[in-house]
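One structure below.
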Amino acid sequence: LGLDGDYVDRKLLEIPAEAFRAADLAAPIRIEREFDLAMSLEVAEHLHAHHAEEFVRSLTRLAPVVLFSAAIPFQGGVHHVNEQWPAYWHAFFRKEGYVCIDLFRDTLWERSEVLYWYRQNCLLYVRETFLPGHPALKLAHEVHGGDPRALVHPEAYLRKCAATTSLRSAAVGLVRAVGTSVRSLFVANETSKGGSSR
């Protein structure tokens with residue numbers, strides 16, 4: 001089942017239309033069944049902070065295992081209103097009895113065919129009481145569990161550096177252009193008065 005806003009063009013769906021449901025993700029999500037896995041990838045940062053805890057609660061109601069990623073501070077994007085470090089989201093999942101397994105980031109880190117924000121942000125959350133009955137997850141938690149690290153992918157860093165350099169170059173160019181214009185006006189004004197230019 002796929003949930004997203006009503007703005008989604010149904011013709012662009014890559015799942016059967018009957019498997020899609022329009023929903024307000026800022027409101028509690030209530031579905032009368034539980035799934036094996038819930039996924040929310042780069043969605044949470046689009047919801048205002050006062051909706052964050054309820055959004056995580058909705059995900060944990062849907063499944064005992066949640067694949068989750070959300071934009072970190074200054075990652076940038078359209079309508080990113082709540083970019084946070086993983087610890088912020090982790091606190092909400094812990095309140096619901098879920099533990100973090102940082103299983104994918106090391107594996108995906110160098111995989112250029114995967115967009116860098118997924119490589120940087122993907123974490124697995126599992127209901128703690130679910131672990132004893134699932135040995136593979138239990139082992140993964142023993143090896144990769146704990147508080148999630150705050151990571152910045154080199155590609156994200158370089159993109160920000162490039163943007164900052166471009167902005168700095170533009171600012172320097174603007175200052176130089178303004179300076180040249182002011183000098184030109186000064187010279188023109190002095191010339192029109194019959195004075196000498198400096």
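The values are calculated or read from the model by the stated rules, or taken from the named source; none is laboratory data. Everything numeric here is computed off the predicted structure, so don't read it as measured data. All Cβ positions, even for glycine, are placed from backbone atoms using ideal geometry, and neighbour counts span all protein chains on display. All accessible areas refer to the heavy atoms of the entire protein, side chains included, with ligands and DNA or RNA removed. Shrake-Rupley method; radii C 1.70, N 1.55, O 1.52, S 1.80 Å.
Along the axis of the charge dipole computed for region 43-103 (Cβ charges of +1 for Lys and Arg, -1 for Asp and Glu, origin at the Cα centre), the listed residues 66, 77, 49 are led at the positive end by 66.
Roughly speaking, what % of Cα-Cα pairs in region 3-153 are separated by over 20 Å, rounded to a whole number?
Tail of the P(r) past 20 Å holds 51 percent of the pairs.
What FRET efficiency comes out for residue 112 versus residue 31 if R0 is 35 angstrom and r is the Cβ-Cβ distance? Round to the nearest 0.05. Efficiency at R0 = 35 Å is approximately 0.45.
Projected label points at residue 54 and residue 134, each 7 Å from Cα along the beta carbon direction, are separated by 2.7 nanometres.
Three semi-axes describe the equivalent ellipsoid of region 101-154; taken as square roots of 5 times the Cα gyration tensor eigenvalues and ordered largest first, they are 24, 11, 8 Å. Taking every protein chain into account, the accessible area of region 109-163 amounts to 63 square angstrom per residue (probe 1.4 Å).
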